[in-house]
Amino acid sequence: MPNEISISKKLKERVKELSCLYEVSSAIRKHSDSVSETLEEICSITKRAWLFPEYAIVQLEFEDYNIFTSTIPVNSVFQQSNILLFNERKGFIKVYYNTDKLSNAHFLEEEQKLLNKIAIEISEFFERRENVKKEELLKRSAERNDRLSILGEITAGIAHELNTPLGNILGFAELIESNSKENQTQKDSEKIIKAAIYSRDIVKKLMFFACEMPQHKEVIQIKPIIDQALKLLTPNLEKARISYNFKIDNPVLEAQIDTIQLTQVLFNILINAIYVSPVGSIINIEVSSYSDHFILEIKDEGPGIPENLKSKIFQPFFSTKPVGEGSGLGLSVVHGIIKSHRGEIITFDNKPNGTVFQIKLPLKL
C-alpha cells in the first residue's frame, strides 16, 4: 500500500515526477505540426510517472482531441485535472486505475499535484498556439489594410487623371455622331460613346472604392430607395425572365443613409443576382428592423458561390464574369460603402440553391 512506501521509494517517485515535468516541457518545446502526436507523447510520459505505471491508463481530452494510452476499464478510479484555455475549461487529463487491480488509496497526493502541473503545461501550450493564430490574423489584416490603403491612393489618382480625357472623348464622339450623316461614321461614333460611358462608369466605381466620392448621409425612409432601385431594374428582370419578391416588416423604417450609395449597393448586388439567376427563378429582397439597426437580405436562386471563392468576392478587381462583362469592382465598392456606414456585409448559402447577401446597417451613425 502507498502508506507503506519507504523513504527511498518516495525519493525515487519524486525524481520520476521531476523527470516527467521535464519530459512534458521538452515534448511541447519540440512540437512541430501534429498536435495529436504531441498529446500522445504527453500521455505516455504521464503514464510512466505514476507509482504503478503498468496499471495506469491516461486519457487527455481537449476540444476535438481525445487521447487514450489504452482502453478505460468499466470499473475504475481516477485522478483528474482540468485543462483551461484563457481561464475557460476546455478539457481534462485523467489517470485511471482498474479497481480489479488497485483502488483510490494507491494514488499519491503528490501525483495529483503533478497532474495539475501537467495540465497547466498543456493549457499554456494551447494558449500559445491561439496567440500565434491571433497574431497571424492581425498581421494579415494589417497587411491587407495597408495594401487597400495604397490601392485606394493609386485608384483615386487614376480616376482623377482619366476623368478629363474620358469627358473629352465622350464629348467629341457625341459631336461627330450628331454632325455626321454617314451611316458607318454614326455607328463607329456610337461604339466610342458606349465604350467611353462604360469606362467612365468604371472610373466612378474606382472613386467609390477609393472613398473619393463625397457622402451625404441623412435620415431617410428605406422602402422608397429599394422600390426605386427595383423599378429601374425592372427591364433587366423582364429581359432575364426573373421575378422578385420584396418584403419589409416596417414600411416607414428610417435610417441615416447616403441614398446614392445605398442605391449603388442595391444595383451591384441585384445585377449580380440577375446575372446568375436561372430563367423563372425569384429574387427575394427582405428587410427586418430592430431597435438600433436593420438587416437587408437579397436572396437569389443561382448556382451559389464556390467555397474556394467565398473569401475573394469582396476583393478589388476579382470577378468570375468574362472579360468585358465585369470590372471586378462592384462588390469591393459595396463592401467599402457598407463599412463607411459602420455596417457589416456577409454571404451564405441560400436553401436549397443560391446565395444570400446579408447587410446589417445602423439606424443612426
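When Ile225, Ile285 are checked against the criterion of being modelled with pLDDT of 90 or more, in contact with a strand residue (DSSP E or B) (Cβ under 6 Å, 6 or more places away or on another chain), of a type in the set (A, V, I, L, M) and under 22 Å from Lys339 (Cβ atoms), Ile285 stands alone in meeting it. Considering only the stretch 273-294, I want to know if a residue exists there that is surrounded by fewer than 17 Cβ atoms within 10 Å (Cβ to Cβ), among the aromatic types (Phe, Trp, Tyr), free of Cβ contacts under 8 Å to residues at least 60 places away in the same chain and touching an Asp or Glu at 6+ places or on another chain (Cβ under 8 Å). No - not one qualifying residue is present in the stretch 273-294.
Results for (1) in contact (Cβ under 8 Å) with a residue 12 or more places away in the chain; (2) among the hydroxyl-bearing types (Ser, Thr, Tyr), shown as yes or no for each residue.
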position	(1), (2)
Ser36	yes, yes
Ile42	yes, no
Lys47	yes, no
Trp50	yes, no
Ala56	yes, no
Gln59	yes, no
Thr71	yes, yes
Val74	no, no
Ile83	yes, no
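Kindly indicate which of Ile72, Ile57, Ile42 is under 30 Å from Val132 (Cα atoms), touching a strand residue (DSSP E or B) at 6+ places or on another chain (Cβ under 7 Å) and surrounded by 13 or more Cβ atoms within 10 Å (Cβ to Cβ). The match here is Ile42.
With respect to the conditions (1) within 30 Å of Arg128 (Cα to Cα); (2) touching a strand residue (DSSP E or B) at 6+ places or on another chain (Cβ under 8 Å); (3) surrounded by 16 or more Cβ atoms within 10 Å (Cβ to Cβ), His106 lacks only one, and its number is (1). Restricting attention to the stretch 219-243, the residues that are closer than 28 Å to Asp292 by Cβ and either part of a loop (DSSP other than H, G, I, E, B) or without any contact (Cβ under 8 Å) to a residue 60 or more places away in the chain (or both) add up to 8.
The values are calculated or read from the model by the stated rules, or taken from the named source; none is laboratory data. This structure is a prediction, so every number in the text was calculated from the model and none was measured. In this analysis, Cβ positions are derived from the backbone assuming ideal geometry, glycine residues included, and neighbour counts consider all displayed protein chains.
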